[in-house]
Every structure is written in C-alpha cells, then in structure tokens.
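The block underneath contains the structure these notes are about, expressed in structure tokens.
The values are calculated or read from the model by the stated rules, or taken from the named source; none is laboratory data. No experiment lies behind these values; they were computed from the predicted model shown. Glycine also receives a Cβ, built like all others from the backbone with ideal geometry; neighbour counts cover every protein chain displayed. Only protein heavy atoms, including side chains, enter the accessible area calculation; ligands, DNA and RNA are left aside. Shrake-Rupley method; radii C 1.70, N 1.55, O 1.52, S 1.80 Å.
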Amino acid sequence: MTDRPTELLQGTLDLLVLKTLSLGTPMHGWGISQRIRQMSRDVLTVNQGSLYPALHRLEERGWVSAEWGASENNRAAKFYRLSAAGRRQLAEETALWQRLAGAIQLILQTT
Amino acid sequence: MRWLHRFGHRLRALWRGGRLDRELDAELQFHLEMEAAANERAGMTPADARGAALHAFGGVARWRDEARDSRGVAPLEELARDVRFGLRSLRKAPGYTAAAVATLALGIGATTAIYGAVDRVLLEPLPFPAAERIVAVRQRNAQGSALVAPANFLDLRERATAFEQLGAFIYFSHDFQSPEGPESIESRLVTEGFLRVFGVGAQLGRVLGPEDFVDAQRRVIVLSDGVWRERFGADPAIVGRAVTLDLAPWTVVGVMPPGYERLVGGRLWAPLVEDDDFRRERAGAYLTVAARLRPGITVEAAAAELGAIARVLAAEHPRTNADVELVVTPLKEQLLGGARPALLVLLGAVACLFAIACANVANLLLARTLRRERELAIRAALGAGRWRVIRQLAVESALLAGLGAVAGLAVAFWGVRLIRTLGPADLPRLDELAVDTRLVGVAVLASALAAVVAATVPALRLLRHDVGDALKAGARTVASGRATRAARAALAGGQVALAVLLLVGAGLLGRSLRALLDQERGYRTDGVATMSVQAWQHYPTRARRAEYVRLAVEQLRTLPGALAAGATSSLPLAGPIGADDATYSREGDASGEAARAHAVAVAGDYFDVLGIPLRRGRRFDRTDDAAGPGVVIVNEALARRAWPGEDPVGKRMRVAFAAAPVVREVVGVVGDVRHEGLDREPTPTVFVPHAQAATGAMIFTVRTAGDAASLVKQMREALFALTPSMPVADEATLEGLLDDSLRERRFQLSVLGAFAIVALLLAAVGTYGVISQATGERTREIGVRMALGARQRDVVALVMRQGGGMAAVGAALGLLGAAAATRGMRSMLFGVGPLDPPTLAAGAAVVLAAAAAACWLPARRAARIDPTDALRTD
C-alpha cells in the first residue's frame, strides 16, 4: 500500500461539494469533508485540505455563497451554502458525470 | 452577469487581501481543530490526534496557497512579489546589473537622441498652416542655378494657375546704428505675395500689403521677433513708428512671431519694388521663389504646368531661356532633403548599436540564468511552475530595462545637447531638438523592446529544458545544451558583424573627409582674415566706390603683420554677397551665343592673399582703372573652354557682368579654384578689376603670417576708421570657413565613429563573455586533454580557434552586410566607393583583432588549468 494520496480530479471534487451542499443546510469546510467521507463510505478520506481551494473557487464563481457564523461548539467558522446558480451547475455536472460514467462502464464490460 | 460578480469578488479580494488571508488561516485552523477533536473522541492522545489531523489534511501550506490562488487576486500579488524579488536579486549581483544597465543606457540613449533628430528634421511637418502645400520654385539650366530671373518670375505670376500665393525675395541687408557701432542686419526684399505664402500673420501690426508696393519712396518694413526684442527693446508701440535703417527713416508696419525668421530667412522684410529694370531682367537670376499650391493641386500637376510655361518662355525668349526649366519642390524637401541620406544612415547605425546592446544584455541574462539554473529548478519543482519562473525572468528583465531607460534618458539628454552643438548649422529644425515627452516615449518603447529581446533567449532555454536535469546530484554548474551554446555564439557573432558594419561605415566617411581635404583646392586658407561690406549707401557712385576700395586696401596693407591685402566680390567657401555671374562671348562669336561664367571683381593683391597662382600674362595694376581699356583675367577652366589649345592672353571677349556687355582684353590666366565647394569642379571664371566694375558688395581679405583671428579686429577698426557709419559683416577667417564647410561631414564622422567604437567595445566584451563561459564549461575536457599530453600551447590554440571561428563568421557576415548597406551612403562619400576594399579589409581586421584580444585572457586561463584539479571538477 503506497503512501500516495488518492487525488481527486478538480472537477470531481467540485461536483461532490456542490452535491453535499445541495442537501440543504449551510455547512462549514470540516462538516463538508465529514459528510463526503460518510457518503462515500470512507473511500475518500485523505487530503482534506484540497477542499479549500475548491470551496474558494466555487465561491469566486458564484456557485456557493459564504458567511461567517458560530459552529456547534460556538467557535467562529465560515459556512457555505449553495446558490441558485450553483444548483443549476450541479444539475449540469451531474448529468455530464453520469454520461461519462456510463460510457466507461460500457467499455469495461466488453471483453 | 456572472463576470460582474467575479470581478467584484476579485476587487474585494485585492482590497482586503490581508484580512482575507487571516480569515483563510482561521478557517483552516478551525478544520484542523475539529478533526483533532474528532480523533480524540475516537480515542487518540491529543498529540496523536493532532498529528493524524495534519496527516489527513495534507500539506497545510500547499492547500492554503492554492486556496489563496483560487481567490483570483494572485496575479497582482505575485507580480508585486516578483518585483521585490527581482530587485533583491539585482542588488545581489551589482556587477552584472551595472553592466546590463550601462549597456542598455548606451543603446537606449543613443537611439532616442538620433531618433529625435531624425524625427524633428525629417518627419515633423513645418509649423505653417497646410505646410505640405508650400513649395519652392527654382530655375534650372545647364549650369544648375537655383534662383529665378525676375522676368520669368513675373511671367509665372501672370500665367500659372496652380498657385494660391506666389512670392519671391532677394538677399539684402540693412545697416543699423546700434550703441555699440554700426551693424548690418540680414534682411530680405520681398514681393507682395511672399509673406502670405506661409500663411502666418504678424504678432503685431500686419504683413506687407499691396499698398506698400505702390510707391518706391515709401520705406516700410516688417521686423522679426528677434530684431524687435534685441534692437528695439520689444517696444509694444513700435507699429507705425519710424526706425533708422540705412541712414534713412523706415516705418514699421508689423512684427512677425518668434521662430518665423529661422525658417523663412532674414530678420527684416522690406518691399521689393518692381521697376523697369526688374521687369526686363531675364538673364540674371537672383530671386528665391516660394509659393502655396491651390487646394487640390498636386506638386506633380504644378510641375507639369510650370514645365509647359518654361517651354513657352523658351520659345518666346530663346536667347536667355533656351535651356531654362522651372521646377517645383515641396519646401520641406528643399530645406531639409539634403540631410535625409545622412540622417537615415545615422538611424541605421544607431539601430545596429541598439541591436548590439540588446544582444549583450541577452547574453548577460542568459549567463546569469545558467548560473541560477539550480535555484530556478528548485523553485519550479516546489510548485512555482515553469511559467512562473519565466515570468520572474521577464520581471527582472523589465526592471533592468526600466533602469536602463532612466539612465538612457540621461544619455539621451546629453546626446541631444551634443547633436545641437556639433550638428550642421544649416539644418533649421535641429536647434529645436530637446528631450520632450515624445522622446521619453521613444525611450520607454526602446527599453520595452530591449527587455523583450533580452529575456527571450533565456526564456526559450527555460521552456525547452527539463528542469529535472538541473537537479541531478553532483552537478554544480549546469552545462549548457547545444542550442544554448549556439544561441550564445550567434549573439556574439552578431555583435561582431554589426561592429564590422559600423567600423566600415565610419572608415568610409573618414576616408572621404581625408580625400576632400587632400583635394587640390586652388587656394590657401591659412592666415587669411575676411569681412564684407555693402558700400552702396555710403558711396553712391561708381567712382567713389572704386576710390573707397582702393583706399581701404591701402590701409589694410599697412596693418601690422599683414603680408598682402586685397578685396573680392566673391570668396570661395563664403556665400554670395552680390551678383556673381556673367555672360560672355568671344570676339567674333555671333551675338546670340553668350556663355555663362562665374564673375568676380577683384582689387589689390587678392590673388596673392589667396595664393592663386598666375599661369600666364599679368595681374591687374594701376593702369586698369575706369579710364583705361577694359581688361579681364580668366581662369584655366574658362581658357580651356573658350580657347582650347590657344594662348588666351591678348584675345578679346564681351563680358556682361551686372551691366551691359563690355569689350575686354584678356591680360592673364590664373589657376583654377574650387569655388563652390571642395567637392565641386572649378567653374569657368572671369576676373574684372574693381575699378572697372565698382560693385558696393566687397569682401576684404588680408593675409598674415601669424594668427588670422587676431587680425580680424584690426581689420574692422581700420575699415571703421575709413567709414565710421558703415558696418562690416561676415567676419571670418578662411580656416574657419573651411571648417564650417566640413562641419556636416565631421559631425557624421564623429557620430558614426563613436558608435563604431562603442560597438567594438561591446562586441569585444560579448566575445570575451561567451568564450570565457564556454572555456569554463570545458574545464574537464581541457583537463583530460592535458592529461593526455596536450601542451599549454595547444590549449591556447584550442580556445583561440573557437573564438576565432565565431568572430570570423561574424566578420564575414558583417562584410556582407556592409557591402549591402554602404550603398545607401553613396551620396555622403567622396573619393571612395562604397565597396572600397581597403576600408572593408581594415574594418574586418580591427574587429577580428579585438575579438582575438578578447579571447586571449580566457585562453591563458585555460592553459594554466591544473589537469588534476580539472578532472575533479564537476
């Protein structure tokens, strides 16, 4: 087992973050990483730091909006929420991903 | 709309960069703490929990930087950081920085100064309204005169339709009694339309109008701004006042704006009254004509019309106009066109210099990049990315260029001053040359170009090179790849080529100057002092003028140190002060066949003063006065033309010199004189005794064994003693006049020579740098060779061969370039052709010698290499 982390493609991470935020409540960065870990059944565990460039990029593009608030344990944290444009982007990227995955699956099936 | 949001985000990020950084840090800190807390809940110790959290996070610094990058403000922050870093690294290598900045300063400064001169003289339009419509009209015949005969001018005025305004002037002077003594002010007698041709109105009063030309007795005058200020104290009420000029009252009707006199000529303008003599004069051409074209008429159309009119006039007046053409030239062309070839050559030369400077800086940058390659490779590996490193390089290059531009402006400032003082005096716009905003812009542009060029080669190298190679263990210095070596050699070779080109150009100019000076002039210039008078006013009759000149020459003979004294109506190297051409026909010729000749009235020992030898016959003496028979002395050129193979002494000819033809007997033949200029052939000339053609415009000449300049003052005083109220003008020595006539050539030679020397130095330095570097890289190879038995001699030969080969190729290219480029210099050369072999050979030889000298040091260093040390070197 090598030590090299499983690096997610930039676009894929964006998709996961958008999806996570689409589930409703605003979340902070750690919360998003926890949720992704849960939803992927612990496959995607390392390189949590890669989340932050993604979050800032999404914020810069206007797909998420952010504001500072108090966390569960009353610490200051930055909370992200999905914007309307972000919701549209999520739909587009999900469709794209599914088409891509389907194509790869087809190729892998042929012997 | 999205872009607006993004733009706003970037702006905010830029504005509050610091605060956003702190927020990001807090955000990441929060994440780590939450993760650590979760780990503790899962049972880890606090230390392990923290460690695991960090591990799961991945490199904090890396993700933080990337998060900041994705904020979108990074480019600006990075630029600031690059600039700071660039400045620091330039400071750390002061020698290299100084060399690069100095080279750039020279290149940029010289380019800016020369470009400024070219632009001002050639490109900028004359400061008159619709200046492109102003033309000069000249009369041309077989002899090539430029002035127009009055009758022809009047016919033009009547018949030509191409012109909106047409005017003419003759050179004149007005005597003015200033508190310091009498003085002669250069002026112009103008026809009615002349001042209107330029479309400039007076700053006070008005220009001359039709009413001023009606009555010959009404003396009205227009002042120039200079005269108004210097002689009349800028009196605001001067219009309408009478001033005393030429011992008579003249009414001032207007004052022209500043700068007008410099371009139009003359410092006073008075009406030229067209009397009967004027209207009839078709043989003597003494008018300078200018005109303004009608809107929509091209120069070619006007030329065509004038050609037709000239042909009609030739048919109407075959005796005078048979071979007369009327030509039209745009005024700008007329005034400045002669300077074009020289200025373009200078522009080309400075472009070469600029290229050499850029090549030098590129080489410097490349050498530095190679030395820092390891450091740059590490930066690239740490995530800076290749483009980032190149951007760093570009910033450094831009900083160098910026410093070079600032220093270059200082050089340009100085260079402009030099051009103004040394430059040819008769380029009318040159004295306006100054470092203005436009030139500053040129300097900035030049430095930007230099930065781009200089950074390109190292950048290309970085792009192609795999940075991993640089980090190979054990490599202390990076060996340059073949492409880099080739690039460096090409740069240095290019410098050599350009240096050869400039040297050849300067050499050709130098030889031309030498050839001119060595030319048989026909007269001596050492120890001769001269000054002119216009005696018409003070000695109104012929008899009185003849007597005055005779007396004046007598007086001048008695001056201490004077060896000979004389007077002439036309002096070589000096401009004309009065009529100086005549027509003549030999006894027995049909009356229609008058030929033209240069005509001079002489008095005293004029021929001796100028050292003009007498070939046959005798000089003039006392018997050749107004009462005696008409006599004439001719020069060899005229003798050859009029009486080939015969002895002219004793022959008779009819000479019309500013008067009706007079029969004269040839009493002597003198040697030819290059009167028009050192590079012109001698023209056939007739000399007439002043007593028999008593013109009032004479130049007194005195020869002394000592210093001519000190004689000038005494001459002036002697002439003032004779006629206290008559001013003298054109005080000069013949040596001074000679220098002035060569001034333009000397200027071109100095500038081109200076460029050539700088280019030579830069090329030598460039060669030294390249060979030095190359030899350093071959240390190991040389060590091996020496270990295998090569002697010091062989190593030296090895290095010299490498350098020599590069320089030889460069020199060959330079010679080829010179062969192509010097063609454009043809009009500037005298006595040498553009492909003069000795000059080409000498240019190449000098540069090769310099390159050889530059290779010598590295060669000797290489020869002293200790083989064992060398083999241990990486």
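Our coupling estimate for segment B:258-270, obtained by passing each phi through the Karplus curve with A = 6.51, B = -1.76, C = 1.60 and θ = phi - 60°, is x, x, 4, 5, 5, 8, 7, x, x, 10, 9, 10, 10 Hz, Gly and Pro reported as x. Evaluated with a Cβ-only charge set (Lys, Arg +1; Asp, Glu -1), segment B:200-319 carries a dipole of roughly 200 debye about its Cα centre, given to the nearest 20. Dividing the helix sum by the residues of chain B, where each DSSP H run of 4 or more adds -39500 (n - 2.57), gives a mean residue ellipticity at 222 nm of -18000 deg cm²/dmol. Under 30 Å from the Cα of A:K78, which lysines turn up, not counting those fewer than eight places away in the same chain? Those lysines meeting the cut-off are A:K19.
Shown here for segment A:53-111: trypsin sites (Lys or Arg not before Pro) in loop regions (DSSP other than H, G, I, E, B) with at most 15 other Cβ atoms within 10 Å, namely A:R75. The H on the amide N of B:Q203, modeled in the peptide plane, is under 5 Å from the matching H of B:V255, B:M256, each at least 5 residues off or on a different chain.
Ranking B:S741, B:Q714, B:P724 by Cα position along the charge dipole of segment B:701-785, where only Lys, Arg, Asp and Glu carry charges on their C-beta atoms, puts B:S741 farthest toward the positive end. Applying the Karplus relation 6.51 cos²θ - 1.76 cosθ + 1.60 with θ = phi - 60° to segment B:826-837 yields 3J(HN,Hα) values of 3, 5, 8, 9, 8, x, 9, x, x, 10, 3, x Hz, where x marks Gly and Pro. Only beta bridges with both residues in the protein assembly as shown are counted; by DSSP, about 80 percent of them are antiparallel. Calculated on C-alpha atoms, the gyration radius of segment B:115-195 divided by its Kirkwood radius gives an Rg/Rh of 1.08. Against chain B, whose longest principal axis is taken from its Cα atoms, helix B:46-57 shows a tilt of about 50°. Selection among B:A642, B:A658, B:P629 by position relative to the dipole of segment B:585-664 gives B:A642 as farthest towards the positive end (Cβ unit charges, Cα centre). Taking a ≥ b ≥ c as the square roots of the eigenvalues of the alpha carbon gyration tensor, the protein assembly as shown is prolate, as a/c is not under 1.5 and a/b beats b/c. Counting only protein heavy atoms and a 1.4 Å probe, segment B:713-771 has 41 square angstrom of accessible area per residue. Here the spin labels are modelled as points 7 Å beyond Cα on the Cα-Cβ line, and at B:N141 and A:A95 they lie 9.5 nm apart. Once both axes come from the Cα atoms, what is the angle between helix B:340-371 and the longest principal axis of chain B, in degrees from 0 to 90, rounded to 10? Helix B:340-371 sits at roughly 20 degrees to that axis. With N residues in chain B, what two-decimal value do you get for its Cα radius of gyration over 2.2 N^0.38 Å? Dividing the Cα radius of gyration by 2.2 N^0.38 Å gives 1.33.
Here, segment B:498-595 yields an orientationally averaged convex hull projection of 12.8 nm² when only Cα atoms define the hull. The angle between the Cα long axis of helix B:74-92 and the longest principal axis of the Cα atoms of chain B comes to about 70 degrees, rounded to the nearest 10.
Close amide H contacts of B:A283 (hydrogens built in the peptide plane, cut-off under 5 Å, sequence separation of 5 or more or a different chain): none are found. Summing Cβ point charges (Lys, Arg +1; Asp, Glu -1) relative to the Cα centre of segment B:591-694 gives a dipole of roughly 220 debye. Near the amide H of B:D246, within less than 5 Å, lie the amide hydrogens of B:D175, B:F176, all on another chain or at least 5 residues away, with H placed in the peptide plane. A straight line joining the Cα centroids of segment B:502-545 and segment B:797-874 runs 42 Å. Taken residue by residue and averaged, Cβ atoms of other chains lying within 10 Å of the Cβ of B:56-69 number 5. In order along segment B:654-665, phi translates into HN-Hα couplings of 9, 10, 10, 10, 6, 6, 5, x, 10, 7, 9, 9 Hz, rounded to whole numbers, per the Karplus curve 6.51 cos²θ - 1.76 cosθ + 1.60 with θ = phi - 60° and x for Gly and Pro. The GluC sites (Glu not before Pro) of segment A:34-111 that meet both conditions, a loop assignment by DSSP and at most 11 other Cβ atoms within 10 Å of the site Cβ, are A:E72. Computed about the Cα centre, the dipole magnitude for the protein assembly as shown is approximately 4320 debye when only Lys and Arg (+1) and Asp and Glu (-1) carry charge, each at its Cβ. When the charge dipole of the protein assembly as shown is built from unit charges on Cβ atoms (+1 for Lys and Arg, -1 for Asp and Glu) and taken about the Cα centre, the candidate among B:T767, B:L449, B:P271 whose Cα reaches farthest toward its positive end is B:T767.
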